[in-house]
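Reviewing the structure listed below.
The values are calculated or read from the model by the stated rules, or taken from the named source; none is laboratory data. Predicted model only: the values in this text are computed from it and were never measured. Note: ideal-geometry Cβ built from the backbone for every residue, glycine included; neighbour counts use all protein chains shown.
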Amino acid sequence: MENYPSQPSSSDSSNNSVPPSLQNQQNQIVPWIEEEEESSVQKLLSALRRRALVMTGVTITVMTIAVISLVLKQKPPEYEGNFQLLVEPVNDDSKAVDVVKDSNPQISSLDYESQIQVLKSPEVMRDTLKQLQASYPELNYYSLLDSLKITRLGETKIILVSYRSNNQDQTQAVLQRLAKDYLDYSKIRRQTKLRQGLQFVEYQLPLTQNRVDQLQKELQFFRQNYNFDNPESQAEQISSQIIELSQKRQEIDLQLAQARANLTSLKEKNGATAMLNNAPLYQQLITQIRQFDIQIATESTRLEDKNPTIQTLKEKRASLLPLLRKQAQQLLGVKFAEVEMQLQQLEVQSQELTKIEQKLAQRRNQLPILTRQYTELQRKLQFANESLNRFLSTRENLQIQISQTELGWQLLQVPTTPDIPISSSDTLRSFLLALVAGIISGVGIVLLMEKLDNAYQTVDDLKRKVKQPLLGNIPFEQQIQTKQNHTFKQVFSLLRIPNFLSKETAKVSVLPEEEQVEYSSNFSEALRVVYTNIKLLSSDSPLRSIVISSAMPGDGKSTIALHLAQIATAMGQRVLLVDADLRKPTIHNLSHLNNLWGLSNLISTNLPVGEVIRQLPSMSQLSVITAGPVPSDPAKLLSSSKMKQLMIDFQKTFDLVIYDAPPLVGLADASLIAPHTDGLLIVVRIHKTNSSILKIALDNLKIYRLNILGIVCNGQKTNFNGLY
């Protein structure tokens, strides 16, 4: 278990003024405040114990309202009867039929929910109502349905029909009529509906068959018209044709280019010469002319040009030239004709190939449309075939069901109505529900109050949430609570404890001698525990001065301060109780002293200290300084150097000085005087102190780095009678 430090970490500087022995003693007390976390059940039980009165009141109120409402709305006694119907056969023959109809004979063929709704329908109830209204005219469809209950018995093949009413004879009559009509329904009406369903199927079968035939013809015509087997093969065929046409296009384009090149070459001189050089007849003429040229040249060397031989040779040569030109023209014309013819043929082939390519491209573009049409025809044909198969299967099933319904339903339990009404059990159940609702409402109200209440409810709650030493637990004292509600004259003066060894009670002189009040020993012993724990905090270096304050007004800080001062005085200490609450002083009322002058006069004037300190007649060793007149600026007086000097003088003169300071939150008074004392004691009141406000106070004290001695729990209403 984690050990909480006796001082917050932010108050290290204040610890410098505390002797090491004091710090060690504080650390010894810390484990006493540790407790394990309460479980949710323990918290709930604790809340219910604290607010038992609220829970009891809410429970009684809710239950009373429910009981009154039940009495006002109490119905006359009702009689409920029932009968049972076996709606599916369970013999061996039926199982054989089920096997023919369904491959899984264990699964029921009847939709029980739908069947129950059919049995409650106006169509089925019409004849039943007519028969019953002859004897009970007040009956109608809705009143009959409101009192009728039809259920299936678990997973069996049995239907339970129940009916309740105020008249026992009417209940029996309704059940008998329903039993007879339901048996008739199973034999006649249910079979009639099955036959109607069979007639509908018989009517739809030819139409569906015609639809299938028509779709098959359309699919066949589509395939023949478009030469379309299926989308995959059609796409492959078009792709192969496109590849083949592409190859042919390349060949024709190559031939066209070659033919155009040949034609261009023939039109040029070099091309014509090259073509003529390859012509045999033309070459023969050239050869002959060259031979004549050789002969003429040979003869010219020895003969003159006018020689007849030379002339003859020249004539022969000249006669060959027209033939040569004619042959050349003829050869060129033939070649031109051949090339042009080839070019025309290739162009015609190219045009035909272009047309084929266009048609193929058109087919390729139409392929998605044809595919969609083909798929749509296939889908329609598939749906039509499925419909046809379903109708055929349904016809078979209906025929089997018709043969089964001839067996009819069986009445397993005849209609019976008990002589004892069921209203008594309903009344008891209603009372129990009212009690449960009251308890739940009470617990809910208690939980809501706990959620909205931000105060500490128990000492354990305070220990868990406040990480400070718990120096004491002051029980709630009815005597103090009663006297504080009276006028000042009825407020006790001083605590006088004649015998500290009293086992039961300690007498406290809080009024004149004729008006003494006895306080419980638990209250007195709790104060002694607080004083003892404070002494343990300072075994080596005794505490000489402490400040007692609280987070909020009304937590009982002034009462604790006065009683603690009385305990310390009774223990033999010279104690000075200083009312440092200059805003709303209380000590003079609790001690039955006047407040004409006090601490405010002592600080603001040169009034001697002896004029302000007073000893009570009943306890002469206890000295009290009241607050005096309320000043305009209390914080200014408490922070003055005169106040600091007075505190030093008080500490030197008395064994213990107790300062009753104003609340911590919202006021700086306690924080101004606490640094000049040995520590601060914080009073927390159970069921009153707001936990968030106390947290703010502790956070502020961490900032001020003040020495917090611990927490005193006040007003705990736990029963202490069981203690030793």
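Per-residue answers, yes or no, for (1) in contact (Cβ under 8 Å) with a residue 40 or more places away in the chain; (2) in contact with a Leu (Cβ under 7 Å, 6 or more places away or on another chain); (3) buried (at least 16 other Cβ atoms within 10 Å of the Cβ):
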{"position": "S623", "(1), (2), (3)": "yes, yes, yes"}
{"position": "T626", "(1), (2), (3)": "yes, yes, yes"}
{"position": "L638", "(1), (2), (3)": "yes, yes, yes"}
{"position": "F650", "(1), (2), (3)": "yes, yes, yes"}
{"position": "D655", "(1), (2), (3)": "yes, no, yes"}
{"position": "D669", "(1), (2), (3)": "yes, yes, yes"}
{"position": "L672", "(1), (2), (3)": "no, yes, yes"}
{"position": "V684", "(1), (2), (3)": "yes, yes, yes"}
{"position": "S691", "(1), (2), (3)": "yes, no, yes"}
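For L175, the test of being assigned to a helix (DSSP H, G or I), in contact with a strand residue (DSSP E or B) (Cβ under 9 Å, 6 or more places away or on another chain), modelled with pLDDT of 90 or more and surrounded by 14 or more Cβ atoms within 10 Å (Cβ to Cβ) is passed. Say whether the condition of being closer than 30 Å to N533 by Cβ, among the charged types (D, E, K, R) and touching a Cys at 6+ places or on another chain (Cβ under 9 Å) is met by at least one residue in segment 673-689. There is at least one residue in segment 673-689 that is closer than 30 Å to N533 by Cβ, among the charged types (D, E, K, R) and touching a Cys at 6+ places or on another chain (Cβ under 9 Å).
Residue-by-condition table, conditions (1) among the hydroxyl-bearing types (S, T, Y); (2) buried (at least 16 other Cβ atoms within 10 Å of the Cβ):
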residue	(1), (2)
R528	no, yes
L543	no, yes
I546	no, yes
S550	yes, yes
G554	no, no
K557	no, yes
A565	no, yes
A570	no, yes
R574	no, no
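Just for segment 404-420: of the residues that are surrounded by 14 or more Cβ atoms within 10 Å (Cβ to Cβ) and modelled with pLDDT under 75, which one is farthest from L175 (Cα to Cα)? By that ranking, first place goes to Q404.
Search segment 522-543 for residues that are more than 16 Å from T569 (Cα to Cα) and pair each with any residue that is part of a loop (DSSP other than H, G, I, E, B) and of a type in the set (S, T, N, Q) when their beta-carbon atoms are under 9 Å apart and the residues are at least 6 apart or on different chains. Sorted first by the residue in segment 522-543, then by its partner, the pairs are N522/N721; L537/S6.
Can you pull out the helices (runs of 4 or more DSSP H) entirely within segment 444-559 that have at least 2 residues that are at pLDDT below 55? Write out each step before concluding.
Values: elements: 459-465, 478-484, 521-537.
It comes to 478-484.
The residues in segment 302-338 that are more than 22 Å from N278 (Cβ to Cβ) and either of a type in the set (F, W, Y) or in contact (Cβ under 8 Å) with a residue 12 or more places away in the chain (or both) can be counted, and the count is 5. Can you find a residue in segment 139-146 that is closer than 25 Å to Q410 by Cα and within 42 Å of the chain's Cα centre (by Cα)? Within segment 139-146 (the criterion being closer than 25 Å to Q410 by Cα and within 42 Å of the chain's Cα centre (by Cα)), the answer is yes, since at least one residue qualifies. Against the condition at pLDDT 75 or above, part of a helix (DSSP H, G or I) and touching a Phe, Trp or Tyr at 6+ places or on another chain (Cβ under 8 Å), how does L313 come out, does it pass? Yes: the conditions hold for L313. R364 falls short of the stated requirement of being at pLDDT 80 or above, surrounded by 11 or more Cβ atoms within 10 Å (Cβ to Cβ) and within 60 Å of the chain's Cα centre (by Cα).
Residue under question is P105, and the condition is that it be assigned by TED's automatic domain parsing to the domain that holds R164, outside any helix (DSSP H, G or I), surrounded by fewer than 16 Cβ atoms within 10 Å (Cβ to Cβ) and at pLDDT below 85; does it hold?
Details: assigned by TED's automatic domain parsing to the domain that holds R164: yes; outside any helix (DSSP H, G or I): yes; surrounded by fewer than 16 Cβ atoms within 10 Å (Cβ to Cβ): yes; at pLDDT below 85: yes.
Yes: the conditions hold for P105.
Apart from one condition, G666 fits all of (1) within 29 Å of F476 (Cα to Cα); (2) at pLDDT 90 or above; the exception is (2). Within the set P675, P662, the sole residue that is assigned to a helix (DSSP H, G or I), within 53 Å of the chain's Cα centre (by Cα) and either within 22 Å of T586 (Cα to Cα) or of a type outside the set (A, V, I, L, M, F, W, C) (or both) turns out to be P675. Within segment 606-661, the set of residues being at pLDDT below 90 and closer than 17 Å to A674 by Cβ is empty. Among the residues of segment 620-657, just one is in a loop (DSSP other than H, G, I, E, B), among the charged types (D, E, K, R) and out of contact with any Lys or Arg (no Cβ under 9 Å at 6 or more places or on another chain), namely D633.
Looking only at segment 186-237, residues that are under 20 Å from N385 (Cα atoms), at pLDDT below 80 and of a type in the set (S, T, N, Q) come to 1 in all. If the condition is being in contact with a helix residue (DSSP H, G or I) (Cβ under 7 Å, 6 or more places away or on another chain) and surrounded by fewer than 22 Cβ atoms within 10 Å (Cβ to Cβ), then segment 657-667 contributes only V665.
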